[in-house]
Every structure is written in C-alpha cells, then in structure tokens.
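Asker: Mind looking over this structure? Questions follow.
The values are calculated or read from the model by the stated rules, or taken from the named source; none is laboratory data. Here the structure is a predicted model, which is why all the values come from computation and not from measurement. In this analysis, Cβ positions are derived from the backbone assuming ideal geometry, glycine residues included, and neighbour counts consider all displayed protein chains. We work out accessible area using only protein heavy atoms, side chains counted, and drop any ligands, DNA or RNA first. Shrake-Rupley method; radii C 1.70, N 1.55, O 1.52, S 1.80 Å.
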Amino acid sequence: MNKAPKGQYARDRAKQAPQASHSVLFWLIIGITGVFLCWAPFQRALFNGYSNSFDRPLFSSLIWASILLLLLSFYLFYHYKFREKRDVFPFLIWLIPLSYLLSLTQAASTYSATNMVFFYVMFATLFLIGFYLTQDQRGNRILQQIVLISGYGIVLFGLLYWLGNTSAANFMASLFTDLNGEPVYKHAIMSDSNGLRLTSVFQYANTYSAFLLVLLFGSLFFIQRSRTWYGKALHASMLVPILLSFFLTLSRGGLVVLPVVLLLLLFFYSLKRQITTLIHLVLGSAATLAILSKLTSYGAELQKQADSALSAKGWGLLLAASLTTAALVTVTERYIAPWLQNKLEPRIRSRFASAILPVAAILVGTIGVFLLFGDTFLSKLLPDNVRTRIENINFQQHSVLERVTFYKDSFKLFEDYPVLGAGGGAWAALYEKYQNNPYTSRQAHNYFLQNLNEVGLIGFLLLFGFLILLLIGYIRQYIRGDEEERDSRFFYFLLVVTLLIHSTIDFNLSYAYLSILLFLSLGGLASAITPELKWKAAAAPKTQSLLKWGYPGVLSILGLVFLIFSIRLLSGNTLYNVAVAEAQQGKPYQSVLETADQAIAKQAHPDYLLLKHNVLNQVYQQLKDETLRNEANAVMAELKEREPYNKDVFYAELNDFLQTRNLSGASSVLTKGIENYPWSIELYEKQIQVLFELGNTARMEKNAQAATAYWKQAEELYQTVVTKQQELLDLPEGQLQGRDFQVTNAMTLAMGQISFLKGDYASASSTLASKLNDNLDDPTNLQIARWYLASIQKQGKSDQAWLSKLTAKSSTEPAEVQKIVALGS
C-alpha cells in the first residue's frame, strides 16, 4: 500500500473538515481576542507587581478571558471532538492552574497565590483559543497576523515618544487606556545610569527587548512566507524600526539571547531560507547602524525640548532606511532566493545540509563579536552608550552576579517548600528572608525558578513536562511535514522559544500579556501535533458522547464561575479606590469603613484590610473607644494569618505596639521581623532602641537582672550587624551590595547609652566618638555629642572643642550634659 506524501494527510483532512470559520461564534471569539491583544499591551503589558497598583488592568483582563472561555465553550458544543492524540492537551493544560490551586494550602501570600490561580486559568483559556481556532486555516492566519501587526504598533508607539511626537503617541495610548491626567504614557522612555532607554508599553527595557526579538524573528520569517511582493515589503520595512528600538533598549540580555535564538531557529530552516534570513538580517542591521548614532542623539535632545524640525529629520532618516531595506529585501526575495533554490540546494543534498550554515554562522558571529567589541570601524558606528553596554558584557558585571545570587537564593527558598511550593508570588513574599545580601528584587529573574518556588517540584514537573511533551511533539510533526505545513505554525514556535529562552534570565512572563502570547502560541503548536495518529482503540460511543458534551459543559460552568469571580475582583478594586478617595476627602469614618468592608467582602486584599485597620486605629486615637481598638486587632489578626510575610502588615503591627508604648510586644514583633527580613537595617536599629528602653526601664525599677538581659540582647544584635556588614565586603568584585546596611547613628547612640548606664564609660566614649558629627541640628547627632561629653567627664577627661560646639548651639547644652552625668553610677 502506497503511503501518502508527507503533509498530505493534514491537507486532505483540512479539506474534509467543516470550516469552523463559517461559525458566527468563531468570528466573535477571533474578534474579541484581537481587541484583547491590542488592549492588553497598553495596560503596562499587564505586569503582575503583586500589589494593588497593578491589579485593576489584571482583573479587567480576567473578565476578558472569562467571556472568551464562555464563548469558546459554546463554540465547542458544536465543534468538539476527542479523536486524536493532540486532543489530550486541552485536558493537560488544566494541570498547571491546578498546581497553583494546590499550592494555596501553604501559600506565603494568600492574595498573590489566589490571583495566580486566576491568572493561570486565563492563560489556559488562551491556550484553548490557540488550540481550537488555529485548527481552521483562516483562524490560524488571522491570529498570527493579530500578534505580529499589533506588535508592530507597539514599536511605532515607542518610536513616537522617542522622536518627540508626544501628542500622536498619547492619542494612540488613549485608544486603549486612560492616562489619568499624566502628560505621557508613564516610563515609555526611562533614564538610568546608562542613559535613556526605550521601554514602550512595558516600562522595562529588558522585557521590551525580548518582545522585539519575537517581532524581529517573526518579520524575518514572514518576509519569506509571504507570497506577494507587498507582503514581503511590509514586513521588511519593519526590520529597521525593530532593530533600532532593540538597540535603544540598551539591553545586554537581549544582545546575548539574540544569537542563541537565531542559531536555534536556523536549524529548522532549509539552506536557502537560512541564507536569505541572514541576508535580510544583515541588510536591516546595516541600515540601522547607519542611522543609530544620529537617532540616539536626536531622541536625547527631543526628550529635553520639543523640536518639530528635528523630529521630522529623525523620521526622514528612519523612513529612508526602512524603505531602502524593504526594497533591497524585496529584490533579494525576487531574484536571489529563487537562484539559491535552483542552484545551491540541488548540489547540497546531505542530511546535514541545514546544519552547515548555523555552524558557519558561529564562526562568522565570532568575527562579529571581535568587530563589535574591538576598536574597529563597526564599533565606532555605535553610540557611546550602546558601545559601553556591549563592552560591559561579561560574567563579572553586576547584573550577571546579581542574577546568580537570585538563583542561589531561589534554591534556598525551594528547600523549605520542596513539594507544593509557597504559592503564587512566593518569591516576592519571601525573598528577603532568604537573600544573600540586601538587594531589592520582587522577581527572581528566571521563570522556571520562580515557578519552582511557587508550586514546588510537583507543579514544576507538570509545567516542564507539559512543555517538553508539546515541543517534542511539534518538532516531530515539523520534521515529517512539508514546507507549507511547517510554515503554518512556525511563528508560534519562534515566539515560544524566544520568550522561554529570554525568560531564563529575566522576568518577562510576569507580564501577563507575554504569558498570554506564550500560551496562545503553545495552543497553536499543540493543534499541529500528529493529527494522523489515531488512538489504538476508538472510544465507546457513550464515552464519545460524554466527552462531546461533558468537556464543553465543564468549560461553560468554569467560565461562568470565572466570570463571577473576575467581576467581584474588579468590583472590590473599584470599592477600595472609592474608600481611599472618601478617606482623603475627610468623609465620616463610618462611610469609609462601610465602603472598605464592601471591598473586603469581594476580596480579602491586604491593602483593603490595611486601609480598614488604619482607619480604625486613627479613629481610636481620637475617640479612645475600645470597640474600635478590638476591631482593629481582629483585622490585624486576619492580616497576619493571610499575609504572614507582608512587610506593610509587619510595620502596621509594629506601629500598633509602639503607639501604645507596649515595648515588650514591639520587641517580639521586631524579633520576628528580623528573622523574616534579615537585611533590613531599620529593624535592627529599632530593636536596639527598644531593648535599650526596656533595659533602662528595668534599671529604674531596680531590676538589674532584667536590665542586663535586655542590654545583652542589644549588644548581641549590634554585633550581628557588625558581622553582616563585614560579610558584604566579601561579595564578588563588581556585585552591588543593594540597600544600605551598616551601623547607624541611632544604633551607636543606644549602644553608647547602654555602656554608660552600665558604668563602662571608656567603652561608651569610644563607641560614641565614632559617630560624632558637626550637624547638631540632627537630634541623634546632638544626643551622641551630649552622651559622649558625659562619658569622658565620668572618666575625668574633657573635650573642650566639642563642648564649645554644643555651647555655640545653645547656652543650655552644658546643663543637658550634666543631667546625663548625673545618671551614671
């Protein structure tokens, strides 16, 4: 029996299958998905920052997703079938949100963990959209075009700001978001020690560079896939804007990942396509480098002052470079590509032919690295800030060393939560407890390690196994298929590969928009897997009937529940904002509390509960009504149970004890805080001050044993600070320390006071002398000087210079010193 040609089965099957695109539901889902994918980027790309300030667009996106899930379930009532091996993936995808649901049982943050369950339901929904809608050829084409063309719009948006066209950029943003009175879309261009960095909608240059790599490889792919000259020209014309934007991000991570992904993708191309891809990339890069320095300087000037003439000049250069590149690429596709097809490929029929050019590219790339890093004509084409960033790419620069530290600390966290993890947002909630030094990073900068922290080994294996099973299945199908079948979904593959590789060094997938694109593309890949392989035994009619109605039925119920919860989350956020506004407007506290309670009933968000707690405390301070105090304590108890590692909750509880002068309670809270935040110097400072006061109170009560115990704790804590401060000196050269961590003036004052009251005047004067400061307007500096003079006087010495400084400040200062002297034994 003769076998059908490769890919023939898939095409025959597509012809025989009823066209889903005839369905009204199909077009409704496509339309809503398209609008959603255009709207989402302008909501800060749906960044999950684990705080209320990022919640509203995320909760809005859940409503979009729940509507799509409901519509998809209705669509599947007419089109669902379970006949092929690929049909198992719509079941397997739900294991990922299930792993997040299981991790809720030991979540470090109930709020973050619950939200992550909802977000992964959203991602699963987009996976299903990609899986089912791309089975229709027209749906497959439209989804790819939506992703790519909307991406081109994001590139244009960023360049509009860069070249000073603020009004046009604002208008573009206003189509999808409310600027809330801001003159521009916030942080579309950011400034740091490296200079201006283009971030577009992402507000983070490294993630924007990852997205630009997707667009770059996508445009290179579609140049060759397009069958019309104008289609090729359109995608070719975007090469320069994309590459220009890529360089303007100043992302070293992007520069490192680009050749890695490029080489990987080349292995999947025919020899002719490999050569033309590299030609197109070289043409686009050459045109970009030709204008990069000028457009970098133009952008810098335009951020300082509007200049329509300079802006027009910049656009003229960009347009000329883009059109020139488009023309050259189109000519290459028209004349050179066919020649390569006819002349080169017949002569190289080795099974390893597709590997020849990638290997050669490694050699050429090595030469390119030399040209970029050395003092060559090519490096001189680069602006100073870009050249500096490239020259600083090495394994000893701070961003690499810091990431290595993040990864090591991530494994420390994993060791304490190995099986189910610590729930969604685990790293953000717990990283300070495990950090090696006082850096600030609520993201682990590695998607897989962050997932390992959140859902443990079980959830990680489910995610990793799902990805491996899907990608291996797709690659096997790709190898078996012909060129038409391969091209039909390869864009999804390059998107998935680019994002996943870049996400091993950054937190791109904390942007829900990029996670949506990832899972949508994974669905598109899954729909291509081995459709010709049937199950060995056909399911019984009853089973088929159960699955036909059961799966869409379950999805419809899930979609309805998902919609209800999503509306509640968004409603709670709205009510919280109303409550905050009422508090700021000075409305009666009963009204504020009522609105806050309504918000809390929708979601027990830590910010909502903290608002209620703070209002109750403020009113209690005025009215001294114990009912209010008790209610505030009940809210705090709930907060501690739900958010045991939330730093805002910690400070709220600490302030409760300090306001009531319950120093013993404050000390207990601080002890726990130092355990959870061992590099927060302010906690050591406050604890040492509290222990001094507790000891001094015990001294005045003639309880020498208690005073000694408290002061011993303070001394041990002080020594801990000194030891940890020394540890920071051992960090690798080039690694930044992070937040300040050193002995403070307030600590020194407390330790000097303890030594003085213990009668160790020599130690007191030595300790206090180390922090003497001429700025006596600072209360702590003033106290240090007073206690220092008192301590040397008790030793029978004097320091006329410092006594004169105090007297110059106030004639009463010598008397203040004598009061302290009188405290000594």
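Asker: P(r) for the stretch 455-601: what percent of alpha-carbon pairs falls in each 5 Å bin, starting at zero?
Answerer: For the stretch 455-601, the pair-distance distribution reads 2, 7, 10, 11, 12, 13, 13, 9, 7, 6, 4, 3, 2, 1, 0.
Asker: Still on this structure: Which order do the peptides 215-226, 811-822 come out in when sorted by mean C-beta neighbours inside 10 angstrom, highest first?
Answerer: My ranking of the peptides, most packed first, is 215-226, 811-822.
Asker: Are there chymotrypsin sites (Phe, Trp or Tyr not before Pro) in the stretch 255-342 that DSSP puts in a loop and that have at most 16 other Cβ atoms within 10 Å, and which ones?
Answerer: For chymotrypsin sites (Phe, Trp or Tyr not before Pro) across the stretch 255-342 that sit outside H, G, I, E and B with at most 16 neighbouring Cβ atoms in 10 Å, the list reads Phe267.
Asker: Tell me the net charge near Ala596. Cut-off is 14 Å between Cβ atoms, Ala596 excluded, with +1 for each Lys or Arg and -1 for each Asp or Glu.
Answerer: -3
Asker: On to the next question. Hey, any idea what the orientation-averaged projected area of the convex hull of the stretch 591-652's Cα atoms comes to, in nm²?
Answerer: 3.9 nm²
Asker: Taking the Cα atoms only, what angle lies between the long axis of helix 606-623 and the longest principal axis of the chain, rounded to 10 degrees?
Answerer: 30 degrees
Asker: Would you mind checking which residues have amide H under 5 Å from Phe47's amide H? H placed 1.01 Å from N; only 5 or more apart, or other chain.
Answerer: It is Ala512, by chain and number.
Asker: Which three extents, in whole angstrom, do the alpha-carbon atoms of the stretch 430-531 cover along their principal axes, largest first?
Answerer: Result, largest extent first: 54, 24, 18 Å.
Asker: Checking a compactness column here: for the chain, what do you get for Rg(Cα) / (2.2 N^0.38 Å), N being the number of residues?
Answerer: 1.13
Asker: Now a separate question. Of the listed pairs Lys85/Lys548; Lys797/Lys819; Lys186/Lys408; Lys724/Lys797, which have alpha-carbon separations greater than 27 Å here?
Answerer: Pairs exceeding 27 Å: Lys186/Lys408; Lys724/Lys797.
Asker: Which whole-percent values make up P(r) of the stretch 588-741 when all C-alpha to C-alpha distances are grouped in 5 Å steps starting at zero?
Answerer: 2, 8, 15, 16, 14, 13, 12, 9, 6, 4, 1, 0
Asker: Okay, next question. I need the peptides 412-419, 147-154 ranked by packing, meaning the mean over residues of other C-beta atoms within 10 angstrom, with the highest value on top.
Answerer: 147-154, 412-419
Asker: Now a separate question. Would you kindly derive the ³J(HN,Hα) couplings of the stretch 174-186 from the backbone phi angles with the Karplus curve 6.51 cos²θ - 1.76 cosθ + 1.60 (θ = phi - 60°), listing them in order in whole Hz, with x for Gly and Pro?
Answerer: 5, 5, 10, 8, 9, 6, 6, x, 6, x, 9, 5, 4
Asker: Past the 19 angstrom mark, what percentage of all C-alpha to C-alpha distances in the stretch 655-735 do you count?
Answerer: 43 percent
Asker: Could I ask something else about it? Using only Cα atoms, find the angle between the long axis of helix 353-373 and the longest principal axis of the chain, and express it within 0 to 90 degrees, rounded to the nearest 10.
Answerer: Here the helix axis deviates by roughly 40 degrees.
Asker: Check cross-link reach from Lys686 to the aspartates and glutamates: straight Cα distance under 15 Å, and skip same-chain residues fewer than eight apart.
Answerer: List returned: Glu653, Asp656, Glu675, Glu715, Glu716.
Asker: Okay, next question. For the stretch 809-815, just list the computed ³J(HN,Hα) in residue order, Karplus coefficients 6.51, -1.76 and 1.60, θ = phi - 60°, integers in Hz, with x standing in for Gly and Pro.
Answerer: Whole-Hz 3J(HN,Hα) from phi for the stretch 809-815: 6, 7, 5, 8, 4, x, 5.
Asker: Okay, next question. Leaving out ligands and nucleic acids, note down the accessible area per residue over the chain with a 1.4 angstrom probe, in whole Å².
Answerer: 44 Å²
Asker: Same structure, new question: With a ≥ b ≥ c the root eigenvalues of the C-alpha gyration tensor of the stretch 154-227, is it rounded (a/c under 1.5), prolate (a/b larger than b/c) or oblate?
Answerer: Note, shape of the stretch 154-227 comes out oblate.
Asker: Next question, about the same structure. In nm, to one decimal, how far is the modelled label at Lys640 from the one at Leu467, with both set 7 Å along Cα→Cβ?
Answerer: It works out to 3.9 nm between the two label points.
Asker: I would also like to ask the following. Could you please report the charge total around Trp27, scoring K, R as +1 and D, E as -1 over all other residues with beta-carbon less than 13 angstrom from its beta-carbon?
Answerer: Within the 13 Å Cβ shell, the charges total 0.
Asker: Would you please give the FRET efficiency between Ala709 and Asp760, computed as 1/(1 + (r/R0)^6) with r the Cβ-Cβ distance and R0 = 25 Å, to the nearest 0.05?
Answerer: The pair Ala709/Asp760 has a calculated efficiency of 0.90.
Asker: At a Förster radius of 41 Å, what calculated FRET efficiency corresponds to the Cβ-Cβ distance of Thr660 and Thr504, to the nearest 0.05?
Answerer: 0.25
Asker: What does the C-alpha gyration tensor say about the overall shape of the stretch 50-161? Classify as rounded when a/c is under 1.5, otherwise prolate if a/b is larger than b/c, or oblate.
Answerer: oblate
Asker: So who's got an amide H within less than 5 Å of the one on Ile189, skipping anything under 5 residues away but keeping other chains? H placed 1.01 Å off N, in plane.
Answerer: Thr199
Asker: While we're on this one: Give me the net charge for the shell around Phe171: Cβ to Cβ below 15 angstrom, other residues only, Lys and Arg +1, Asp and Glu -1.
Answerer: So the environment of Phe171 carries a net charge of -2.
Asker: How far is it, in nm, from the label point at Gln726 to the one at Lys819 when both lie 7 Å from their Cα along the line to the Cβ?
Answerer: Calculated label separation equals 3.8 nm.
Asker: Show me, for the stretch 789-806, the HN-Hα J-couplings you get by feeding each phi into the Karplus relation (A = 6.51, B = -1.76, C = 1.60, θ = phi - 60°), rounded to Hz, glycine and proline as x.
Answerer: These are the phi-based 3J(HN,Hα) values: 5, 5, 5, 6, 5, 5, 8, x, 10, 8, 9, 4, 5, 6, 5, 5, 4, 5 Hz.
Asker: How high is the FRET efficiency between Thr324 and Leu104 when r is their beta carbon distance and R₀ equals 45 Å, given to the nearest 0.05?
Answerer: The value I calculate is 0.20.
Asker: Something else about it: How far is it, in nm, from the label point at Val419 to the one at Ser770 when both lie 7 Å from their Cα along the line to the Cβ?
Answerer: Spacing of the two 7 Å Cα→Cβ label points: 4.7 nm.
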